[in-house]
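The values are calculated or read from the model by the stated rules, or taken from the named source; none is laboratory data. On a predicted model such as this, the values are computed, not experimentally measured, just so you know. Here the Cβ positions follow ideal geometry from the backbone for every residue, glycine too, while neighbour counts run over all protein chains shown. With ligands, DNA and RNA removed, areas are computed over all heavy atoms of the protein, side chains included. Shrake-Rupley method; radii C 1.70, N 1.55, O 1.52, S 1.80 Å.
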Amino acid sequence: MRTDRLVLRAWRTDDAEAALGIYGHADVARWLSPAMDRVPDLPAMRLLLQQWIAEDARFAEPGGRWAVERAADHEVIGGAVLLPLPPGNEDWEIGWQLHPDEWGQDYAGECTFALASWAFAHGLDEVFTVVRPDNTRTAAAVRRNGMHWVGETRKYFDLDLQVFRLRAADLDRTAHEGHRPPNYT
């Protein structure tokens, strides 16, 4: 998947150092759901990437995990997911994890649009993002990008989470102005 500034591509084990900078960062790990400890070192990150790569090989489209690479310099700056949510694997989650140095650049918005477009092109009717209640930065980002607050639940991952939903019509760039994502240009 490509956006104006990003490439979402399959993870490779040689991404481990860049991935550790993301998933080993306390400011990223504290918000992950399902809850995940900060990745402690390079061997652990390589092992986790190997697990993700193996899982991706078993996923049917549209599901997957991708490295988020800045197109201008090919630097891995984050990760993105489109995964079925437990229990039941009926709801699909889109999510992203960006290195804190990249926050505030609206890369989250580009990831949201790319992942949602991919999901809808592959037959999903809606996607969700789950956000920990104190994660105001992500809650604001998903709202800016056209996602609608659904409510709070412990259904997913046995954590208190806010749930946001996006439907295909929410991405319609030709829709009446009141129905466009807020960052529409």
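Points worth noting:
- Those residues of the range 133-169 whose amide nitrogen sits under 18 Å from the label point placed on residue 103, 7 Å along Cα→Cβ: 133-145, 162
- Using C-alpha pairs below 8 Å separated by at least 6 residues, the relative contact order for the range 64-124 is 24 percent.
- FRET efficiency, 1/(1 + (r/R0)^6) with R0 35 Å, evaluated for residue 160 and residue 7 via beta carbons: 0.55
- Accessible surface of residue 59 - all protein chains present, 1.4 Å probe, nearest 10 Å²: 70 Å²
- Virtual paramagnetic centre 7 Å along Cα→Cβ of residue 144, amide N under 20 Å, in the range 1-35: 3-8, 27-29, 31-32
- Taking all protein chains together and rolling a 1.4 Å probe, residue 45 ends up with roughly 0 Å² accessible.
- Top of 153, 129, 112 by mean-square fluctuation, Gaussian network on the chain, Cα under 10 Å: 153
- Where the chain is the region considered: accessible area per residue in Å², 1.4 Å probe: 52 Å²
- Judged by the gyration tensor of its Cα atoms, with axes a ≥ b ≥ c, the range 117-174 is oblate; a/c meets the 1.5 cut and b/c is at least as large as a/b.
- Largest-first principal axis extents of the Cα set of the range 33-112 (Å): 37, 31, 23
- For the chain, the relative contact order comes to 18 percent (Cα pairs under 8 Å, sequence separation of at least 6).
- Accessible surface of the range 1-73, 1.4 Å probe, proportion on carbon and sulfur as whole %: 50 percent
- Fully extended contour minus Cα-Cα distance, from residue 136 to residue 14, at 0.36 nm per residue: 40.7 nm
- Taking all protein chains together and rolling a 1.4 Å probe, residue 61 ends up with roughly 120 Å² accessible.
- The calculated P(r) of the range 1-153, using every Cα pair and 10 Å bins from 0, goes 11, 43, 39, 8 in percent.
- For the range 98-140, with all protein chains in place and a probe radius of 1.4 Å, 46% of the accessible heavy-atom surface sits on carbon or sulfur.
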